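The block underneath contains the structure these notes are about, expressed in structure tokens.
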Amino acid sequence: MYDNTRALAENKLIILYLIEKIEIPLSNSEICQFALEKNLMDYFSVQQYLSELVESGLLEMATENNSTRYTITSDGEDTLNYFIKHISNYAKSVINNYAKENSKRLRAEYAVTANYFQEMNNEYTVKCGVYDSDGATSLMEISINVATKDQARTICRNWKNNVADLYGEIMLTLATDPDNKSDPKPITIRK
């Protein structure tokens, strides 16, 4: 019984530690993928732990753009700091390595959004955005109305796959003075 309780507590602390180390809100699928790939927990346990951590106020859950993301609360940080010694050195090492190897990729994915939703007139609105690395500041947001779901999906896919070029082209077009014939400086997304 004691071992089960200890494992349950350590697994919850592992989730808190992971989210704290990555330093951006993580989606349910990102947390599950990590836990499964590293053989730390099974899918159903992760779901249970996430729910319990939210219920106890240690994690905050926000659903945005069809994605549920989790952030650690100040109570969660306090709990983690107090009980961090209960996380095995192996688990900490795995998380630290994962954060080091994947933090940049996860931040880049978090910084680009593309979603669509159906309007009452059976058309679709596509919302695309680029945010700074912590997701707090919008660099650009656009909203486009289209006639079909296929068009909406294509725009979302193209935005995500070509965001650097599209952002640069849009900014260049908008920031270029048509009366000034000199070559404009290229504009890129801040990293």
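The values are calculated or read from the model by the stated rules, or taken from the named source; none is laboratory data. Since the structure is predicted, the reported quantities are computational estimates derived from the model, not experimental observations. Note: ideal-geometry Cβ built from the backbone for every residue, glycine included; neighbour counts use all protein chains shown.
Number of residues in region 131-178 that are outside any loop (DSSP other than H, G, I, E, B), under 23 Å from Phe117 (Cα atoms) and among the hydroxyl-bearing types (Ser, Thr, Tyr): the value is 5. Taking (1) under 22 Å from Trp159 (Cα atoms); (2) out of contact with any strand residue (DSSP E or B) (no Cβ under 8 Å at 6 or more places or on another chain); (3) assigned by TED's automatic domain parsing to the domain that holds Gln151 in turn, Ser103 satisfies each apart from (3). When restricted to residues that are closer than 24 Å to Val112 by Cβ and free of Cβ contacts under 8 Å to residues at least 24 places away in the same chain, region 1-59 contains 4. Hey, among the residues in region 75-130 that are in a helix (DSSP H, G or I) and of a type in the set (S, T, N, Q), which one's surrounded by the fewest Cβ atoms within 10 Å (Cβ to Cβ)? Taking the candidates together, the pick is Asn89.
The residue of region 131-160 that is surrounded by the fewest Cβ atoms within 10 Å (Cβ to Cβ), among those that are among the polar types (S, T, N, Q) and at pLDDT 85 or above, is Ser143.
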